[in-house]
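Report on the following structure.
The values are calculated or read from the model by the stated rules, or taken from the named source; none is laboratory data. What you see is a predicted model; the values in this text were computed from it and never measured. Note: ideal-geometry Cβ built from the backbone for every residue, glycine included; neighbour counts use all protein chains shown.
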Amino acid sequence: MRFRLAPTAAQEAALLAHCSHARFVWNLAVEQHQRWRPGRASAPGYLEQCRQLTEARKEFDWLRTGSQTVQQQALRDFARAMSNFFNGTHGRPTWRKRHWHEGFRITGRRGTQWDVRRVSRKVGEVKVPKVGWVRFRWSRRVPDDVRSYRITLDPAGRWHVAFAAIPRPIDRPATNEAVGVDRGVAISAALSTGELLSVWGLSVKETERLARLQRRLARAQRGSNRRARLKTAIARLKACETDRRKDWVEKTSTTLARRFSVISVEDLKIKNMVRSARGTIDAPGENVRAKAGLNRSIHAAGWGLLVSRLEQKAPRRVVRVNPANTSITCNACWHRAAENRESQAVFHCRACGHTDHADVNAARNIRDIAVGRTVTARGGLGVARPANREPQPALSSP
């Protein structure tokens, strides 16, 4: 759970110092592991790096003035990241950049190294080492079993504190109803019930203002105050768009988890779909700008985040199905042909004449595939015809 911080000017300077110290220690650990090569002595582990940090704090005053808890926690986070990398679950840890990776983490039992308290109905305070009590907007109760929190600064200049609390999954409804979700660009999520959901993006005026700011940024001189102000204004608009997308994902995933027992989605390889089409110098790509615009639209629709939140809120109730031919197969007669989909929004079957919204028809096909594999196996009433089976011959008229 994340809250918006409201530090004073002095507290903000101290928080920025903590961020710089944590980033410096992290980058030193990355450099040590990048210099290591197989066959040489092993790279230093967490305990050895902590010993080196103690020696560095004795030698450098600017590092000694910071919090040792923040700096040691950066090394602990790096050790966990390297462990995840060797286990094959995450990528290799990379450099942290200024103005982009600003943040630090504090761990420990609540009431010892750190604490949190409520001041008023909408104001709370969190105790940060060597900073003191920092206020934040209290929007919900902080659980008592929280063992750590992370303070971050986004490119828009907003401070946040995130407490490590895992919420309970949403209980399965008693309706035993299934739903199919088809994700798209024009329509972010089309449900098999006929509902069409779209991400709340920037308004028309905000989009026009963003374009003006980007044109001014292109003409601004590097290193000038004007360029810095323009970058901050653009970052605020981008942060507004990101916040709206996350808010839409949270509300949509919660609604789906409460309404349906089985949620079926396409098993899309999003990482491959948004891969750049630039190519190389010898073999340059084609339609690079169009592909880049499509990639941005896919990211803006929140495809991956929606499925991730669904799997967290409704564990073991989300079914991933093969998306092959779901958009060109008729849900009424199973006829499969590319000509069935006349446009992005219109589906008209050439065999039976069935007409529907193209995304809704695909969502119903996705639901039928999932229902045949899950609800029927539990003894429920499932659809016996998968939507992506071989097309059946059309019945002759009497």
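Side notes on the structure shown:
- The criterion of being in contact with a Ser or Thr (Cβ under 9 Å, 6 or more places away or on another chain) and more than 23 Å from residue 171 (Cα to Cα) holds for residue 336.
- Matching entry among 192, 188, 203 (being surrounded by fewer than 14 Cβ atoms within 10 Å (Cβ to Cβ) and of a type outside the set (A, V, I, L, M)): 203
- Pairing each residue of region 213-235 that is among the hydroxyl-bearing types (Ser, Thr, Tyr) with any residue that is assigned to a loop (DSSP other than H, G, I, E, B), provided the two are 6+ apart or on different chains, yields C-beta distances under 9 Å for 232/155; 232/156; 232/157.
- Residue selection: residue 32 fails the criterion of being polar (S, T, N, Q), farther than 19 Å from residue 81 by Cα and surrounded by 13 or more Cβ atoms within 10 Å (Cβ to Cβ).
- Looking across region 172-185 at every residue that is under 23 Å from the mean Cα position of the chain (by Cα) and either of a type outside the set (A, V, I, L, M, F, W, C) or surrounded by fewer than 22 Cβ atoms within 10 Å (Cβ to Cβ) (or both), the one that is farthest from residue 372 (Cα to Cα) is identified as 185.
- Matching helices (runs of 4 or more DSSP H) fully within region 232-339 where at least 2 residues are of a type in the set (Val, Ile, Thr) and at pLDDT below 85: 288-301
- Residues of region 145-166 that are touching a residue at least 24 places away in the same chain (Cβ under 8 Å), within 30 Å of residue 236 (Cβ to Cβ) and not in a strand (DSSP E or B): 146, 154, 155, 156, 157, 158, 165.
- When region 56-109 is filtered for residues that are among the polar types (S, T, N, Q) and loosely packed, with under 11 Cβ neighbours inside 10 Å, the ones remaining, listed by number, are 87, 89.
- Inter-residue pairs, beta-carbon under 8 Å, first of a type in the set (D, E, K, R) and in region 1-12, second assigned to a loop (DSSP other than H, G, I, E, B), 6+ apart: 4/158
- You will find that of 314, 337, 332, the residue that is among the aliphatic types (A, V, I, L, M) and in contact with a Cys (Cβ under 7 Å, 6 or more places away or on another chain) is 332 and no other.
- Of the residues making up region 258-269, those that are under 18 Å from the mean Cα position of the chain (by Cα) and surrounded by 14 or more Cβ atoms within 10 Å (Cβ to Cβ) number 3.
- Filter pass, residue 180 being on the phi > 0 side of the Ramachandran plot and not in a helix (DSSP H, G or I): no
- Any hit, region 76-86, residues being in contact with a His (Cβ under 8 Å, 6 or more places away or on another chain), modelled with pLDDT of 90 or more and closer than 30 Å to residue 247 by Cβ: yes
- Residue 363 fulfils the conditions (1) in contact with a helix residue (DSSP H, G or I) (Cβ under 7 Å, 6 or more places away or on another chain); (2) among the hydrophobic types (A, V, I, L, M, F, W, C); (3) surrounded by 14 or more Cβ atoms within 10 Å (Cβ to Cβ); (4) modelled with pLDDT of 85 or more except for a single criterion, (1).
- Residue within region 212-231 that is over 30 Å from residue 364 (Cα atoms) and touching a Ser or Thr at 6+ places or on another chain (Cβ under 6 Å) present: no
- Exactly one residue among 173, 169 is within 30 Å of residue 361 (Cα to Cα), touching a Ser or Thr at 6+ places or on another chain (Cβ under 9 Å) and part of a loop (DSSP other than H, G, I, E, B), and that residue is 173.
- The conditions of being farther than 23 Å from residue 306 by Cβ and either of a type in the set (S, T, N, Q) or in a helix (DSSP H, G or I) (or both) are met by residue 343.
- Residue 346 meets each of the listed conditions (1) modelled with pLDDT under 85; (2) aliphatic (A, V, I, L, M); (3) surrounded by fewer than 22 Cβ atoms within 10 Å (Cβ to Cβ) apart from (1).
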